[in-house]
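Undergrad: One structure is given below, represented as structure tokens, and several questions about it will come after.
The values are calculated or read from the model by the stated rules, or taken from the named source; none is laboratory data. On a predicted model such as this, the values are computed, not experimentally measured, just so you know. Don't worry about glycine lacking a Cβ; one is built from the backbone with ideal geometry, like all the others, and counts go over all protein chains shown. Side chains are part of the model used for accessible areas, which takes the heavy atoms of the whole protein and leaves out ligands, DNA and RNA. Shrake-Rupley method; radii C 1.70, N 1.55, O 1.52, S 1.80 Å.
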Amino acid sequence: MKGWIIIGSVCAVLYYTATTTSLLDEPIHAGQSLLNSWHSQIKSLTGTKITKVDQQYASLKQELATRLSKSEMHTLSDILKSPEAMADFSQQYCQSSNAKHPMINKDNLRFVCDHL
């Protein structure tokens, strides 16, 4: 009986900490991103998926190679990896005219958004 009371108390404190304070927000976010990366890796390993090679994005990378810095190109290649990442990027940065990206400058961001 004593063990159940201790377990209940620990669960109550953990629930309170997770819901009303911001102490566990960062570890929860890190755990969720880790699970998402595992999910995408497992998803890519478990089935054969026919992917359409889109020359538009390859030509976009080549066109931007002279325009972007090395870190911006690395960020762009991460964005163009999957349709989900492109949709997230487009929704987050291309919807407003005054959006700022931490790695891509404003002119290049507008150029990328225009071509997506």
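Undergrad: ³J(HN,Hα) across segment 9-14 via Karplus (A = 6.51, B = -1.76, C = 1.60, θ = phi - 60°), whole Hz, x for Gly/Pro?
TA: 5, 4, 5, 5, 5, 5
Undergrad: Charges at C-beta only: +1 for Lys and Arg, -1 for Asp and Glu. How large is the resulting dipole of the chain about its Cα centre, in Debye rounded to 20?
TA: So the dipole magnitude of the chain works out to roughly 180 debye.
Undergrad: To continue, here is another question. Under a point spin-label approximation (7 Å from Cα along Cα-to-Cβ), what is the ASP88-HIS115 distance to one decimal in nm?
TA: 2.2
Undergrad: Per residue, what accessible area does the chain have, given a 1.4 Å probe and all protein chains present, in Å²?
TA: Here the per-residue accessible area is 80 Å².
Undergrad: Would you kindly state how much longer the chain becomes between THR19 and ASN98 on full extension, computed as 0.36 nm times their sequence separation minus their alpha carbon distance, in nm to one decimal?
TA: Gain on extension, THR19 to ASN98, equals 25.1 nm.
Undergrad: Okay, next question. Roughly what would the spin-label model give for CYS11 and ALA30, points 7 Å off Cα along C-beta, in nm?
TA: Taking the simple label geometry, CYS11 and ALA30 are separated by 2.6 nm.
Undergrad: Straight distance only, please: which aspartates and glutamates reach the Cα of LYS43 with their own Cα at less than 17 Å, same-chain residues fewer than 8 apart left out?
TA: Partners found: GLU84.
Undergrad: Out of [x] 1.57; [y] 2.56; [z] 1.11, which label holds the value of Cα Rg over 2.2 N^0.38 Å that was computed here?
TA: It is the one labelled [x].
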